[in-house]
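Trainee: Dropping a structure here in structure tokens format, bear with me for questions.
The values are calculated or read from the model by the stated rules, or taken from the named source; none is laboratory data. Just so it is clear, the structure is predicted and the values come from calculations on it, not from any experiment. Quick reminder, even Gly has a Cβ in these numbers, built from the backbone with ideal geometry, and neighbours come from all protein chains shown.
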Amino acid sequence: MSSIEIKDLIITALNEGFQIHPDLVKVLEDQPELIPRVIEVIRKKKEYDPNNFTITLKDIESFGLNLEIDKTNLIINSERSLSDGMQVSTYEELNIMLNDRLKKMKELWLKRPNKIPLFNINYIKSKGKDETWAFALILQKISNDDYKILADDGKGVFKLKVFSKKIFDEIIPGSCVALKINPEDFSVTDFEDVEFPEVKRKKLKGKIALVSDLMIGSNKVEHLFDSLKAIKPDGIFFLGNLVDSLAYIKNGVSPLEGYKKLSEFLSTLPKRILKVIIPGHADFTGKALPQKPVSYKIAKDLYSTQNVRLLSNPSYLTIEGSSFLLYNAYYMFKTAGMTEEYAVKKLLKTRHLAPTVGSIPIVPSISDKLIIEDVPEHFFLGGGKEKIDLIYRGVWSVGVPSIKNCGCYAFLNLDKESTEWITVD
């Protein structure tokens, strides 16, 4: 709204004996199409409340003329990309990252309340008398028949026999764990993941839709956006795989067209809605984790779309003091060899977003970016095939299947801490 239009409106109000409150003027600056409603309020107030000479936002509601103020309810306080940092490229340098993982995980373990004393594995082997705990990075399972593992405690690499199949099955190669070792036969009789204390979630008002594997080009996309307009969320988190980049390339079309189309769909939603976007393996961002945000070069239209945040996969967010971790966990779900619900719990238990070695493509860096150093209050995941809605040690975790697989998305009421699964026809 131009200053001339504001002046005309103010003059109109003054001619009728009223003035417009500054807060209402601010609203009208962003929504000039609401001027006729304000003029109607002036007319009604003159008739029903002639002794009150100021037109306010409350007047609009009192006379049943809801302005539908386009105000963002979810405000991001901070965001942290996990794709930054110095990268390394050779196999030898990969050890730098794994050593960093072991060091940081051990530090997290030592911060635990009632922590168990730890010893080097070599000390347990040579001088230990009773079962004693060590801390190690599990390099691999080297035998499925007699349950043997290869463990690195930072002082050496050791071959250990695991006491039972149950323990052997629960240990994930690539994870850092505490091992209870019997010095007599050098066997692992128990283990513990790093874990974390109970998380206390802060109260947060608002409603968020979680969408995974949008794959622009699907016939469900238009129906999805019609549904999103109808439920009126405060925020929408798109958890990866926005565009099937490979399909576009195979058809001789630039993936840029897919992101341009996504921008057009997002522009049809109310501006007040916070739209957060992270990439997945199908997006034009590379397949290895952590993935950088979709670049400006590829998706410049998205960057100019109002109230849109493009972040890395994975990413941390803080909204009004509450912490969120967003992650497209396609590779973890695909390779973990466990139910997706259990896999989500295991990610939290191990404090790592890609605890397996070899099966998940990772961009090695000097610092391991995929460690969950700060445990979130909310953990939202895309890239799977199962609906997941669970609370583990206070962390509210929701996993959303692809639109293609389930034809649905999650609608969360943060205040009531409830989840509704909405079908897209």
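Trainee: Restrict the check to the stretch 164-181 and report whether at least one residue is of a type in the set (Gly, Ala, Ser), surrounded by 19 or more Cβ atoms within 10 Å (Cβ to Cβ), closer than 30 Å to PHE333 by Cβ and in contact with an Asp or Glu (Cβ under 6 Å, 6 or more places away or on another chain).
Mentor: Yes, the conditions are met somewhere in the stretch 164-181.
Trainee: Filter the stretch 370-425 for residues that are modelled with pLDDT of 95 or more and small (Gly, Ala, Ser) and give the result.
Mentor: Passing the criteria: GLY382, GLY394, SER397, GLY399, ALA410, SER418.
Trainee: Within the stretch 277-309, track down each residue that is polar (S, T, N, Q) and more than 23 Å from ASP368 (Cβ to Cβ). Steps first, please.
Mentor: Taking the stretch 277-309 first, the residues polar (S, T, N, Q) are 285, 291, 295, 304-307.
Correct list: SER295, SER304, THR305, GLN306, ASN307.
Trainee: Anything in the stretch 214-259 that is modelled with pLDDT under 90 and among the aromatic types (Phe, Trp, Tyr)? List them, or say none.
Mentor: Scanning the stretch 214-259 gives TYR248, TYR259.
Trainee: Within the stretch 115-128, is there a residue that is closer than 15 Å to ARG351 by Cβ, part of a loop (DSSP other than H, G, I, E, B) and within 26 Å of the chain's Cα centre (by Cα)? Give the derivation first.
Mentor: So in the stretch 115-128, the residues closer than 15 Å to ARG351 by Cβ come out as 115.
Filter once more, keeping what is part of a loop (DSSP other than H, G, I, E, B): 115.
With the extra rule that they be within 26 Å of the chain's Cα centre (by Cα), the set shrinks to none.
Scanning the stretch 115-128 turns up no residue that is closer than 15 Å to ARG351 by Cβ, part of a loop (DSSP other than H, G, I, E, B) and within 26 Å of the chain's Cα centre (by Cα).
Trainee: I'd like the full set of residues that are within 11 Å of GLY382 (Cβ to Cβ) and touching an Asp or Glu at 6+ places or on another chain (Cβ under 9 Å), limited to the stretch 263-281.
Mentor: GLY280, the sole residue that qualifies.
Trainee: Another question, if that's okay. Of all residues in the stretch 210-222, how many are touching an Asp or Glu at 6+ places or on another chain (Cβ under 9 Å), in a strand (DSSP E or B) and aliphatic (A, V, I, L, M)?
Mentor: 1
Trainee: Within the stretch 377-395, identify whether any single residue is of a type in the set (Phe, Trp, Tyr), surrounded by fewer than 20 Cβ atoms within 10 Å (Cβ to Cβ), in the same structural domain as ASP213 (by TED's automatic domain parsing) and touching a helix residue (DSSP H, G or I) at 6+ places or on another chain (Cβ under 7 Å), and answer yes or no.
Mentor: Yes, there is a match, as at least one residue in the stretch 377-395 is of a type in the set (Phe, Trp, Tyr), surrounded by fewer than 20 Cβ atoms within 10 Å (Cβ to Cβ), in the same structural domain as ASP213 (by TED's automatic domain parsing) and touching a helix residue (DSSP H, G or I) at 6+ places or on another chain (Cβ under 7 Å).
Trainee: Count, please, the residues in the stretch 252-273 that happen to be part of a loop (DSSP other than H, G, I, E, B) and surrounded by 22 or more Cβ atoms within 10 Å (Cβ to Cβ).
Mentor: 2
Trainee: So, one more: Which one of these is more than 20 Å from MET215 (Cβ to Cβ) and modelled with pLDDT under 95: THR339, THR305, THR268?
Mentor: Matching residue, one of THR339, THR305, THR268: THR339.
Trainee: Look at GLU320 and say whether it is of a type in the set (Asp, Glu), surrounded by fewer than 21 Cβ atoms within 10 Å (Cβ to Cβ) and at pLDDT below 90.
Mentor: Considered against the rule, which asks whether it is of a type in the set (Asp, Glu), surrounded by fewer than 21 Cβ atoms within 10 Å (Cβ to Cβ) and at pLDDT below 90, GLU320 comes out as yes.
Trainee: Then there's this: Given (1) touching a Lys or Arg at 6+ places or on another chain (Cβ under 6 Å); (2) modelled with pLDDT of 75 or more, where does ASP70 come up short, assuming only one miss?
Mentor: Status for ASP70: all satisfied but (2).
Trainee: Now a separate question. Conditions: (1) surrounded by fewer than 21 Cβ atoms within 10 Å (Cβ to Cβ); (2) in contact (Cβ under 8 Å) with a residue 24 or more places away in the chain; (3) not hydroxyl-bearing (Ser, Thr, Tyr). ASP146 meets all but one. Number of the miss?
Mentor: So ASP146 meets the others, but not (2).
Trainee: With respect to VAL400, is the statement that it is hydrophobic (A, V, I, L, M, F, W, C) and either under 28 Å from ILE171 (Cβ atoms) or in the same structural domain as LEU139 (by TED's automatic domain parsing) (or both) true?
Mentor: no
Trainee: List, please: which pairs have Cβ atoms under 7 Å, are six or more places apart or on different chains, and start with a residue in the stretch 401-425 that is exposed (fewer than 13 other Cβ atoms within 10 Å of the Cβ) and end with one that is acidic (Asp, Glu)?
Mentor: Partner pairs satisfying both residue conditions: none exist.
Trainee: Okay, next question. Restricting attention to the stretch 183-204, and to residues there that are of a type in the set (A, V, I, L, M, F, W, C) and assigned to a loop (DSSP other than H, G, I, E, B), which single residue is nearest to TRP109 (Cα to Cα)?
Mentor: VAL194
Trainee: Now a separate question. Does VAL276 qualify as being outside any helix (DSSP H, G or I), touching a Pro at 6+ places or on another chain (Cβ under 6 Å), surrounded by 24 or more Cβ atoms within 10 Å (Cβ to Cβ) and aliphatic (A, V, I, L, M)? Reasoning before the result, please.
Mentor: Details: outside any helix (DSSP H, G or I): yes; touching a Pro at 6+ places or on another chain (Cβ under 6 Å): no; surrounded by 24 or more Cβ atoms within 10 Å (Cβ to Cβ): yes; aliphatic (A, V, I, L, M): yes.
No, not satisfied.
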